[in-house]
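Shown next, in structure tokens, is the structure this report addresses.
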Amino acid sequence: MRAAWYDQQGPAAEVLRVGDLPAPEPGSGEVRVRLRFSGINPGDTKKRIDRFGLGMPFPRVVPHSDGSGVIEGVGEGMNAGRVGQRVWVYGAQSYRPFGTAAQLTVVPAEQAVELPDEVSDEVGACLGIPGITAHRAVFGDGPVARKTVLVHGVLGGVGSLAAQLARRGGAEVIATVRRSSDIEAVDPAAATHVVALDEPDPAGRLRGHAPGGVDRIVEVAFSDNVDLDAAVAADYAVVAAYGSNEDRPAFPFRSMLWANVTIRLLGSDDFPVAVKREAAIALTAAARDGALSIPIGNPLPLDRIAEAHDRVDSGARERVLLTLP
């Protein structure tokens, strides 16, 4: 099969290779998926450059955890009736060496989720890591109906889906963007109000929209925004953080203590299986119902994977996909 891989970590153009590898065989409880699209996330490129100093997890890595395609084989104990089923895939390269940057991938059966006829393969390839993270950030502490949810970085992959899922769940959504010039790029259906962080008093603006404070905060940059979060959090609010620019961030302990704020940290690879399953069901239903809008760039062919990684690293707002031959 055709695949992309790296045997050492470093810049995309230096370490990524494209060629032929043996086709993977599904083991007990697994399915083999012939992929149409491979979704690329910032976490994939961070693994490639060893952003967190963990080294190579395996001697060879076929990157990317997300994708979509058709089940073409099943392992021992699996229902052969799933062969031919359109699916979206998550977690393909989570604690596993071979992800979706290949014509074929093997995953545990529950990580290949049936894709409804109403949902395109391109959208399916975008649901995995950002969608499951967004769902956990919004609903990890219960329903959000009639609550106020603040979503930072609403133009990002996780932030956009979090805002849409929160609105679907009955919440009032307030969103932030980095710059005032970004406000017009936000889909009005995703957020009731949008505040730019480069405004003179973003905390005041947020408080103006939520005088009693916000109940949930979906946080993409904990170390940068934590003082702002403390200033706008309601009593018993939850800050659900999936990113931080500093590894050891300081935060205003006493003000958050007095408000009984909960800080929930989200590492998507390590969510409980039941949580991922719940998120997958909810994401599939939302996509089927047309409740998710995902900006997707023109997919690149597999042999341009280095260019695709560079697009992700440059902060592309549109989702970056590879198309598999």
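What follows is calculated from the coordinates using simple rules that are stated; it is not laboratory data. What you are looking at is a predicted structure, and each value in this text was computed from that prediction instead of being measured. Glycine gets a Cβ as well: all are built from the backbone with ideal geometry, and neighbour counts include every protein chain shown.
So, R0 is 41 Å and r is the distance between the beta-carbons of ARG2 and SER180; what FRET efficiency does that work out to, to 0.05?
0.35
What nm value, rounded to one decimal, do you get for the distance between ARG168 and GLU76 when each label is placed 7 Å out toward the C-beta?
In this crude spin-label approximation the distance works out to 3.8 nm.
Step through the residues of the range 87-97 one at a time and calculate ³J(HN,Hα) from phi using the Karplus curve (6.51 cos²θ - 1.76 cosθ + 1.60, θ = phi - 60°), rounding each to whole Hz and writing x for Gly and Pro.
Once rounded to whole Hz, the list reads 9, 10, 10, 10, x, 4, 10, 8, 6, 9, x.
Determine, for TYR6, TYR236, TYR242, the number of other Cβ atoms within 10 Å of each Cβ, and report the residues in order from fewest to most.
The most exposed by this proxy come first: TYR236, TYR6, TYR242.
Which order do VAL106, VAL18, VAL239 fall in if you start with the one that has the fewest other Cβ atoms within 10 Å?
VAL18, VAL106, VAL239
Got the relative contact order for the range 130-269 handy, in percent, Cα pairs under 8 Å and 6 or more residues apart?
22 percent
Take the Cα gyration tensor of the chain, multiply each eigenvalue by 5, square-root it, and list the three semi-axes largest first, rounded to whole angstrom.
35, 21, 18
Where q = 0.15 Å⁻¹, what log10 of I(q)/I(0) comes from the Debye formula for the range 185-277, counting one point per Cα?
So the normalised log intensities work out to -0.66.
Can you sort TRP88, TRP5, TRP258 from fewest to most other Cβ atoms within 10 Å of each residue's own Cβ?
Least crowded to most crowded, the residues run TRP258, TRP5, TRP88.
Modelling each spin label as a point 7 Å along the Cα-to-Cβ direction, I'd like the ASP201/ALA23 distance in nm, to one decimal.
6.6 nm
Let me check the size of the range 28-176 from its C-alpha atoms; what are the radius of gyration and Dmax in Å?
Cα only, the range 28-176: 16.7, 49 Å (Rg, Dmax).
If you take the beta carbon distance between ARG288 and ALA189 as r and set R0 to 25 Å, what does 1/(1 + (r/R0)^6) give as a FRET efficiency, to the nearest 0.05?
It comes to 0.90.
Check ARG178: other-chain or 5+ apart residues with amide H under 5 Å from its amide H, H built from backbone geometry?
LEU197
Once both labels are modelled 7 Å past Cα along the beta-carbon direction, what's the SER314-SER120 spacing in nm?
Those two pseudo-labels are separated by 2.2 nm.
Can you give me the C-alpha center-to-center distance between the range 7-59 and the range 117-146, rounded to a whole angstrom?
That distance is 23 Å.
Normalised by the residues of the chain, what does the relative contact order come to in percent, with Cα pairs under 8 Å and at least six apart?
18 percent
Karplus couplings for the range 314-319 from phi (6.51 cos²θ - 1.76 cosθ + 1.60, θ = phi - 60°), rounded to Hz, Gly and Pro as x?
With the stated coefficients, the range 314-319 comes to 7, x, 3, 7, 7, 5 Hz.
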